[in-house]
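Written out below as structure tokens is the structure these notes cover.
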Amino acid sequence: MSDAFLTALENTLTLKVLVVILVSASYGLFVGAIPGLTATMAVALMVPFTFFLDPISGLAAIVTMEACCIFAGDIPTTLMRIPGTPSSAAYVDDAYSLTQQGRHQQALGVSLVYSVIGGLVGALVLIFLAPQLARIAFEFSSYEYFWLCVLGLSCAAVVSRGSKAKGLIALSIGLLLSCVGLGSTHSVPRLTFGIDELITGINFIPAMIGLFGLAEVLRNFGKLIPAVGVVSGAEDGGSASAKGNWLSRGIHEVFGGLGPRLKKSGSRIASSSAIGSAIGMLPGAGADIAAWVAYAVSKRRATPEQKEEYGKGSLEGIADATTANNASLAGAWIPALVLGIPGDSVTAIVIGVLLMKNIQPGPGIFTDPVQLPLVYGIYITFILANLLLIPLGFLAIRAGSLIIRIPRQIILPLILMFCIVGAFAINGSYFDVGVMLVMGLLGVVLERFEVPAGPVVLGIILGGRLEEAFVQSLTKSDSFAAFFGRPIAAGLGVLCIILWLAPLVSLFRKRPSEI
């Protein structure tokens with residue numbers, strides 16, 4: 001085993017692989033920072049180049065690009081209120097509220113550091129617990145996936161900004177939109193109104209861009225003023241005490257105050273990393289569920305004073321959610337490597353790359369002396385990629401923060417251009433641009449009535465998965481008790497019920513004191 005590790009070090013720490021890692025990191029940051037361009041798309045575009053790379057270099061490129069792309073999605077999330085990734089929708093209101101307060105660099109600094117920590121913890125989980133955790137994931141059936149989807153959706157409704165009832169309304173809208181097109185279990189068109197393009201359903205990326213990005217543009221067209229909705233302190237980085245050259249001032253603005261915060265958040269980091277790694281290893285779950293669940297847990301354990309900040313600029317919420325979604329990235333590789341089952345869309349592409357290189361994923365990959373160094377090389381690359389993310393992410397934050405200084409008359413048309421390009425780039429479809437426009441108008445209406453948009457996006461994403469798991473479960477048994485017939489399913493089901501009943505219990509506790 002030690003010989004395989006030394007071989008992996010020798011193969012990974014070469015000039016060629018390190019250059020590939022650096023180029024892939026820069027590419028991931030660039031693509032991730034463009035609204036509408038996802039990590040999956042970036043990986044798919046990179047696959048042809050892996051034909052000319054050896055297995056270590058090809059996988060190192062994918063690992064690095066994914067880690068950097070997920071963080072870079074927080075840049076448009078924070079600066080323009082356009083979630084760069086689906087998981088960013090969990091904390092988009094907090095991040096953008098901090099931008100309006102002139103604290104955008106602080107928000108991105110927290111996102112960067114906690115993303116790196118989550119990524120490193122996820123890598124350690126991948127290294128030490130991959131075979132054991134994969135066995136648990138392999139035990140998941142349709143019942144467990146049903147409750148997992150219910151848990152993610154419930155968290156979105158419970159922790160959303162505003163009242164629980166409005167969060168539930170937003171979630172219902174998202175679930176309704178997820179029903180458009182052919183059903184996941186029956187090939188029957190639904191809610192298409194004779195429009196052929198709706199047969200495939202509503203793509204969540206144009207919907208997400210419209211609900212957040214275009215809606216923000218439409219709201220701001222009526223109040224064109226020189227600044228982009230931030231306080232005057234944002235012009236100099238939001239801190240009058242930040243003196244010195246560009247580098248020292250930037251370090252102070254981005255990383256200032258993180259030391260004491262990290263000392264106090266050990267248990268939160270452990271909790272969020274565990275949530276992200278556990279959910280990430282479940283095939284098809286993804287970082288979006290991990291971010292919402294971690295955000296919900298973060299809000300539940302917050303003090304009454306801290307809870308008031310959630311949705312209005314909570315650094316704790318951002319930290320916990322980003323820790324979880326980055327920890328889930330390494331977790332998704334566990335079923336891919338151990339079972340040959342993709343944990344998410346990126347690892348689905350990874351499995352194709354492995355097979356292309358004549359590498360067969362599965363339990364034997366950990367015992368084959370030829371393939372074991374490759375596994376260790378993936379471990380090493382995860383660590384290198386997250387460490388490299390700190391300096392490159394810092395530069396991306398400093399460069400991205402220049403957007404804040406651009407007058408509204410210029411930035412709003414640019415944001416609109418990014419929205420249109422991002423919506424069109426998914427499928428090369430003008431219809432997706434129309435979907436984005438309609439969802440933008442819906443976003444304005446929702447904002448008018450203070451209904452959160454985040455649960456709408458998660459409803460669109462998880463609605464199909466929820467329906468599929470529910471129908472599959474019913475085909476096994478039409479008894480409701482069957483949903484609690486397995487230990488893991490019963491535990492998830494009880495957790496969901498507790499989450500539903502908690503607001504009612506707190507309501508009844510308040511009433512006697514009000515009488």
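The table below gives the values:
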read-out	value
V17 being in contact with a Leu (Cβ under 6 Å, 6 or more places away or on another chain) and hydrophobic (A, V, I, L, M, F, W, C)	no
Single residue of A8, A42 found to be in contact with a Leu (Cβ under 8 Å, 6 or more places away or on another chain) and among the aliphatic types (A, V, I, L, M)	A8
Qualifying residue in the stretch 85-98 (condition: in a loop (DSSP other than H, G, I, E, B) and of a type outside the set (D, E))	yes
Which listed residue is more than 13 Å from W333 (Cβ to Cβ), assigned to a helix (DSSP H, G or I) and of a type outside the set (D, E), from I365, I397, I359, I378	I397
V92 vs. criteria over 21 Å from Y376 (Cα atoms) and modelled with pLDDT of 80 or more	yes
Qualifying residue in the stretch 16-28 (condition: modelled with pLDDT of 85 or more, of a type outside the set (A, V, I, L, M), within 27 Å of A324 (Cβ to Cβ) and surrounded by fewer than 23 Cβ atoms within 10 Å (Cβ to Cβ))	yes
Qualifying residue in the stretch 446-456 (condition: within 30 Å of F140 (Cα to Cα) and touching a Gly at 6+ places or on another chain (Cβ under 6 Å))	yes
Filtered residues of the stretch 390-421 (kept if more than 21 Å from Q101 (Cβ to Cβ) and at pLDDT below 80)	Q409, I410, L414, F418
Subset of the stretch 173-212 (residues that are polar (S, T, N, Q) and assigned to a helix (DSSP H, G or I))	S178, T200
Inter-residue pairs, beta-carbon under 7 Å, first at positive phi and surrounded by fewer than 24 Cβ atoms within 10 Å (Cβ to Cβ) and in the stretch 268-296, second at pLDDT 75 or above and part of a helix (DSSP H, G or I), 6+ apart	G284/R465
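The values are calculated or read from the model by the stated rules, or taken from the named source; none is laboratory data. What you see is a predicted model; the values in this text were computed from it and never measured. Please note: Cβ atoms are built from the backbone with ideal geometry, for glycine as well, and neighbour counts cover all protein chains shown.
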